[in-house]
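So the structure is just underneath, and the comments pick up after that.
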Amino acid sequence: MPDSRIRDNLVDGFSKQSHALDRIEDGFHALTRQRQDAEALCLFFHSWSQTNNSAATVAGIGNRLTLMLHRGQQVRDADALLRTLTSLDRIIDEDLAVTHRVLHADMFYRMATDIVGEDRWMSRRYLHPAAKAFKDWKDHNSLRERDPMIALLTTLTHEIYTHGEVEFILPLFRRWLARDYGFPEASVRQTLAWISVHTGPTEKNHFFHALRALEHFATAMDVAIGDYALESIVADYLEKKAQVIEQICLRSAIGIEAVH
């Protein structure tokens, strides 16, 4: 990423939240340290999915921007607004099977169902309050805040964080399934396709699409990105994410009863 105010704010924001990142890493290590019972896995996969699957939210941001035009709201540069929408759509091409044949939601379903052994993890009874709070906050930033710049900054934060998360957990999950669940190598690859498909360039490219969407929108509306508190959004995101991972990964200390 070229030197810029945005880059500096991201680096500073993530660096200052190292404690939250440590808590997230500890949670994933705890989850994958041993075989978990089905209830713990249901809690994990349902709640974790609420922090990751965001294609609908990104599409919703696009709806907000076209609604501006539909309502006749003044836009300084309509072409730049179109470029914003074009970049946003590139974030969710793979998720919606536009450029690949399999919906990412189907990949997640297979992963969770293979590991749990059935699909009861989909029940909302396994939605932990911390995961609901995270999603409510993220949806508020993305779909309810009056200024769409907040939505785009939150998307930028989400994409770069998710790139780091999937890179970190893939080797943990591979060892976990082989060692504690006895999955053969071919089954491990198939089951963890949702994670592996997001590693490498995929999520990294999504981040740069989010960055371009942000820059195009700033041009379209003639606003300065540097006027916004990106570090504060990063801090809120990581703290809320850490709370989720602690609660759903450290099941032995929390217990399924805490969900209800």
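The values are calculated or read from the model by the stated rules, or taken from the named source; none is laboratory data. Because the structure is predicted, anything quoted here is derived from the model rather than measured. Don't worry about glycine lacking a Cβ; one is built from the backbone with ideal geometry, like all the others, and counts go over all protein chains shown. Accessible surface areas use protein heavy atoms only, side chains included; no ligands, DNA or RNA. Shrake-Rupley method; radii C 1.70, N 1.55, O 1.52, S 1.80 Å.
Ranked by solvent-accessible area (1.4 Å probe, protein heavy atoms only, all chains present), the residues R125, R33 order from largest to smallest as R33, R125.
For the chain, excluding the exposed loop sites themselves (GluC sites (Glu not before Pro), DSSP loop, at most 16 other Cβ atoms within 10 Å), the longest remaining stretch covers 1-117. Across region 142-260, Cα-Cα pairs more than 24 Å apart make up 46 percent of the total. The Stokes-Einstein estimate for region 40-162, based on a Kirkwood radius over Cα pairs and taken at 4 °C with 1.567 mPa s viscosity, is a diffusion coefficient of 81 µm²/s. Answer rounded, prolate or oblate for region 1-60, using the Cα gyration tensor with square roots of eigenvalues a ≥ b ≥ c: rounded when a/c is under 1.5, else prolate when a/b is larger than b/c, else oblate. Oblate is the answer for region 1-60, as a/c is 1.5 or above yet b/c matches or exceeds a/b. Between region 135-173 and region 19-61, the alpha-carbon centres lie 14 Å apart. Starting from the Cα gyration tensor of region 73-145, take the square roots of the eigenvalues, sort them a ≥ b ≥ c, and report rounded, prolate or oblate (rounded when a/c is under 1.5, otherwise prolate if a/b is larger than b/c, else oblate). Oblate, because a/c is 1.5 or more while a/b does not exceed b/c.
For the chain, the direction-averaged projected area of the alpha-carbon convex hull comes to 14.0 nm².
Available extension along the chain between D180 and A38 is 49.8 nm, counting 0.36 nm per residue and deducting the alpha carbon span. Number of Lys-Lys pairs in the chain with C-alpha atoms under 13 Å apart and a separation of 8 or more places or on different chains: 6. The gain in end-to-end length when the D136 to A97 segment is fully stretched comes to 11.5 nm, 0.36 nm per residue minus the alpha carbon separation. Specify the angular offset, from 0 to 90 degrees and rounded to the nearest 10, of the alpha carbon long axis of helix 230-249 from the longest principal axis of the alpha carbons in the chain. With both axes taken from Cα atoms, the answer is about 20 degrees. Ligands, DNA and RNA left out, the 1.4 Å accessible surface of the chain is 49% carbon and sulfur atoms.
Here each label is just a point 7 Å from Cα along the line to Cβ, and for R125 and T66 those points are 3.9 nm apart.
Legend: calculated FRET efficiency, E25 to Q74, from the Cβ-Cβ distance at R0 = 45 Å, rounded to 0.05, equals 0.45.
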